[in-house]
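This report concerns only the one structure given below.
Every read-out reported here was derived from the displayed coordinates using simple, explicitly stated rules and does not represent laboratory data. Computed from a prediction, not measured in an experiment: that's the story for all the values here. Quick reminder, even Gly has a Cβ in these numbers, built from the backbone with ideal geometry, and neighbours come from all protein chains shown.
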Amino acid sequence: MGTNVLQLENKKHGSYAFQTTNAQGQVVFAANGVIHSFIPNQEIIRTFEMEHSTFGVQLEFLTFEQLTENTSRLTMHVVYRSVDIRDQILKMPFAAGINMAHNRLQDILSQLK
């Protein structure tokens with residue numbers, strides 16, 4: 001399983017899109033969105049939409065707080081269209097995927113130092 005970044009414009013009014021494929025190369029997850037605010041090392045405000053789902057768009061506020069010279073804390077605040085949609089999404093197995101993506105991002109960024 002792997003995730004491919006199809007588009008990534010880290011800037012105000014930029015957009016992003018990515019797909020995750022299984023071992024056979026079939027797309028099992030795809031998402032996209034628009035970046036509304038991008039302040040390096042501080043915040044990202046963006047929309048997030050899972051393709052081929054009925055959940056619609058969610059609004060995400062990502063805040064980065066420096067803890068040490070080499071570490072930071074990411075706080076995510078997500079706004080859903082309804083409580084029902086939020087509850088449906090929380091039943092899905094996203095925790096493992098989110099942790100995997102964040103760990104991979106940390107590995108990549110650590111190599112850039």
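Rounded to whole Å, the principal axis extents of the Cα atoms in the chain read 40, 35, 26, largest first.
Across the chain, the mean sequence separation of Cα contacts (distance under 8 Å, 6 or more residues apart), normalised by length, yields a relative contact order of 13 percent. In sequence order, the stretch 55-70 has phi-based couplings of 6, x, 8, 10, 10, 10, 10, 10, 10, 10, 10, 5, 9, 9, 4, 10 Hz under the Karplus curve 6.51 cos²θ - 1.76 cosθ + 1.60, θ = phi - 60°, and Gly or Pro positions carry x. Full extension of the chain between Leu105 and Leu74 gives 9.9 nm of extra length, using 0.36 nm per residue less the Cα-Cα distance.
In terms of packing, defined here as the mean over residues of other Cβ atoms within 10 angstrom, the peptides 83-93, 49-59 line up highest first as 49-59, 83-93. Taking amide hydrogens as placed 1.01 Å from N in the peptide plane, the amide H of Glu43 sits under 5 Å from those of Phe64, each at least 5 positions away in sequence or on another chain.
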